[in-house]
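The structure under discussion appears below in the form of structure tokens.
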Amino acid sequence: SPATPRRARVRRHIVVGMTAAAEAAREMALAELLGEVDRDGANDARVARDGGAHSAPLDLDLGNLDITTGAGDADEEAFARLLGVGVGDAEGTLDVELVKYADHDVVRNVMKSEGSEDLKAKAKEVTAKLRAVELESIQDYVAESENLSSLHAQIEGCDLVLGSMEKLLSGFKDDLGKIGGEIKSLQEQSVEMSVKLSNRKLANALLGDFAHQITLPADLIRAVCEDEVDEAYLKHLVRLDKRLRFLKADPNAAASAAARDVAPELARLRAKAALKARDFLMQKLYSLRRPKTNVQIIQQNVLLKYKYLVAFLRAHAPEILVEIRACYVETMSGLLKQALQGHVRSLAELQRSAPRELLVPDDSHTAAAATKRNAATAETSSSPFALGARADVLDALETSSPLVAHQAQSSGRKLPHEKLFRSSHKLLMDTATFEFLFCEEFFGKDGDAATAFSDIFRPAAAVMNEQMLAGGSSSVAHDLLRGGNHDVVGLVLMLRVNAEHQSIMRRRGVPCLDRHLHGVELSLWPKCKAAFDAHLTSATRAAADPAKVARLWTDDTSAHPVAGRFADLAASMLAASGDALAHFGQIEQDVERLRDAVAALLLRVADKFADARRRAAFLVNCCDRVCAVLAEARVIGPLDGALAAVGGESLAECATHRAFEERARTNADAFADSILAAHFGALVKFARDAEAAGSGLDLTTAASVMDDFGARWRGFVDAAKAETRSAFDNAARGDDALKRVASRLSATYARVAGPEGVLARAENSAAAAIRARAVPGATLAHEFQKAFSFSNG
């Protein structure tokens, strides 16, 4: 039975424990006999052990107890054989015991301390006592036999309980093993079912999509063949398109038997859908040709709504799309050409005659040029070269609308050609932008859209090139570009407008007009240069022709009309060019060339004055007139975000202004010198001659000169003021000229009568007497400072 091995194991544990206890008792007895253990302590231990047998439960360590003597006897026999003695005699047993316990500390100490004879004797005694102790120990165990019997009964009861528990647990283990197998089986089935489910889903997706795409529902066939083209019809085309694309994209599906059965029906449906899309689009395109049709409304609200028809035709009927595109190009090119042509012709009736005057007037304008003018006149506002309100053409270039011809005609106004140029090109830009974006959205952002737009706008661009640049009889630029007109300001404004239009198109991201606008720029620059060269030639030829110089001259020191016209022309060209044309550098170079030619002409005219004072005053007034106009002018631009013309930097720092300012100062010095030469020529000559002569001073001349100066210098102040006031148009320039006169007169007088003057250096009494009669330099400076100012009257 299962309990039998357990009982045997328990018995072995008890025997081993008893053997270990006997050995421990033997060792204790041996130690007691050898004097190493206190007897009283041993007795107390025995009493405690004996008393404990009755007063407390027996606590035995039976782990290694063995009450049999087989193991000990075997050991003793082995030791006896090794020692060569018998086991039965006492002496042999003692030797065996000594060898057996040779490593024990007590035995080792005894054997070291005593002789061999005493040791053997004492060993015999110890052996006898050990036998006695062993017998006592066995009696103790026998006395405890009842407890051991009770313990054995308890152990057997435990064995029965443990046996039943073992049986129960074995049953549980078997049941759990069966359940684990079932769980493992369920897991295997679950994995298998998951794989089957995934395979079914994949197969369902593939086969379901294939079945969905390969079949032609009856409602789709009926809708494609019978329904009218509307927004709902586009959804049916989407379904048909998916099926057509499916067979094109999947060769395996196209090679299937189901595809071969369905392909003829799909082809017929495709042809039917393409035909209905063609008829619908052609009808809408033909409607654009009806008079008074708002083309952009139809494009935005009708054609773009049905742009999917074009996408369907591009994918499945490209030959029909070519026909649609050709019809649209033919329709829109004609409409745009007609619209732009009509607009340009209507604007031509509003054109104001372009100014035909050159910078230097011809003979017919000589009388007007000879008319006396001063700085207070309003010549700038009436000058044919003044910018004035013409700068408004640069205002709100992107946000303003093109001109409405009939509204402008009803007001009876005539407009400068740059405004008509701006209006026509604004219409072209807006139309081109709308059409380009429409073509991209309607035909798709590929080659079709760009090609379609190019074909559409080729006739319209030809009209613009012919009307705007060729100068035809009905052109808005005809009056400007034909011979005899030299409105260089208008041409510069047109160049600026064209440059700003290019910037606008770049901001819009629409490159469709880049080539056209660049062509306009290339056409305008030569015309602008030709018009400018005409003005330049008029100035150079006038300077080289004495007869024309004589006709231009008048005995008047006011600024010459040519100077005012040049100032207006230079300010207009520089202000209108702005940053948009500055990178070319052409305008600045042309103005500098014209500046030099005009300066040379004014010098030739000034040479006609017999009086040096009037000559210098004339040149100063001309230079002041140019500087005043340039200082007031400002560069137009840069254009701000709202595209309104904003005043830029002043032209007061331009090269032309600096050049004429320098000429004005030079001629003001010449005017001061001429004033001194006219009133005190003798003083000036004496100072120069005396300094050149050194020690040879003419005291008679010195006395005469000094007396003359002392008698007339106060009257000179009033005369100089009056003369300067009448000579200069600019009061500030006259005040500056008076200061120059006073400075030069004071310096000249000091050279003669000053502390370092020629009289002081003569070192004789006569010279000292002449110098004593001289006007003090401080008095002279004070009176000049007080009197030489326009503010003092």
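Values quoted throughout were computed directly from the atomic coordinates according to the rules given, and no laboratory measurement underlies them. Quick caveat, the model's predicted, so the values are computed rather than measured. Positions of Cβ are backbone-derived with ideal geometry, glycine not excepted, and every protein chain shown enters the neighbour counts.
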Say R0 is 41 Å: what FRET efficiency, to the nearest 0.05, do Ser704 and Arg725 get from their beta-carbon distance?
0.85
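Tell me the relative contact order for the stretch 650-773 as a rounded percent, counting alpha carbon contacts under 8 Å between residues six or more apart. Don't skip to the answer; put the middle values down first.
Values: 76 pairs, mean separation 36.3, N = 124.
Rounded, it is 29 percent for the stretch 650-773.
Run through the stretch 230-302 and list the trypsin sites (Lys or Arg not before Pro) located in a DSSP loop whose Cβ has at most 10 other Cβ atoms within 10 Å. Working shown, then result.
Details: sites: Lys235, Arg239, Lys242, Arg243, Arg245, Lys248, Arg260, Arg268, Arg270, Lys272, Lys276, Arg278, Lys284, Arg289, Lys292; in loops: Arg289, Lys292.
Counting only loop positions with at most 10 other Cβ atoms within 10 Å, the trypsin sites (Lys or Arg not before Pro) in the stretch 230-302 are Lys292.
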Subtract the Cα-Cα distance of Ala326 and Thr293 from 0.36 nm times their separation in residues, and report this length gain in nm to one decimal.
9.9 nm
Please report, to one decimal in angstroms, the Kirkwood hydrodynamic radius of the stretch 519-665 built from all distinct Cα-Cα pairs.
16.3
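What's the FRET efficiency of Ala450 with Ile221 using the Cβ-Cβ distance as r and R₀ = 30 Å, to the nearest 0.05?
Working: r = 38 Å, r/R0 = 1.25.
Computed FRET efficiency for Ala450 and Ile221 comes out at 0.20.
Applying 1/(1 + (r/R0)^6) with R0 = 51 Å to the Cβ-Cβ distance of Asn764 and Ala610, what FRET efficiency is obtained, to the nearest 0.05?
Numbers: r = 42 Å, r/R0 = 0.83.
Given R0 = 51 Å and the Cβ-Cβ separation, E is 0.75.
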The stretch 541-566-the stretch 409-425 distance, computed between alpha-carbon centres (Å)
35
Karplus ³J(HN,Hα) for the stretch 179-193 (6.51 cos²θ - 1.76 cosθ + 1.60, θ = phi - 60°; Hz, whole; x = Gly/Pro) runs 5, x, x, 5, 4, 4, 5, 5, 4, 4, 5, 5, 4, 4, 5
Eligible lysines near Lys173 by straight Cα distance, threshold 29 Å, same-chain separation 8 or greater:
Lys184
For the stretch 652-714 and the stretch 251-301, what is the separation of their C-alpha centers, rounded to whole Å?
98
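Give the value in nm², to one decimal: projected area of the alpha carbon convex hull of the stretch 190-325, averaged over all directions. Before the final figure, lay out the partial values.
Details: hull surface 43.5 nm².
Mean orientational projected area (the stretch 190-325, Cα hull): 10.9 nm².
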Which of the residue pairs Lys248/Lys445; Lys426/Lys529; Lys276/Lys337; Lys272/Lys305 have a Cα-Cα distance greater than 27 Å in the structure shown?
Lys276/Lys337
Ala128 versus Asp140, label points 7 Å from Cα toward the beta carbon: distance in nm?
2.3
Cut-off 15 Å, label point 7 angstrom out along Cα-to-Cβ of Ala263: give me the residues of the stretch 314-329 whose amide nitrogen falls inside.
none
Given a cut-off of under 8 Å on Cα pairs at least six residues apart, what relative contact order in percent is computed for the stretch 507-603?
40
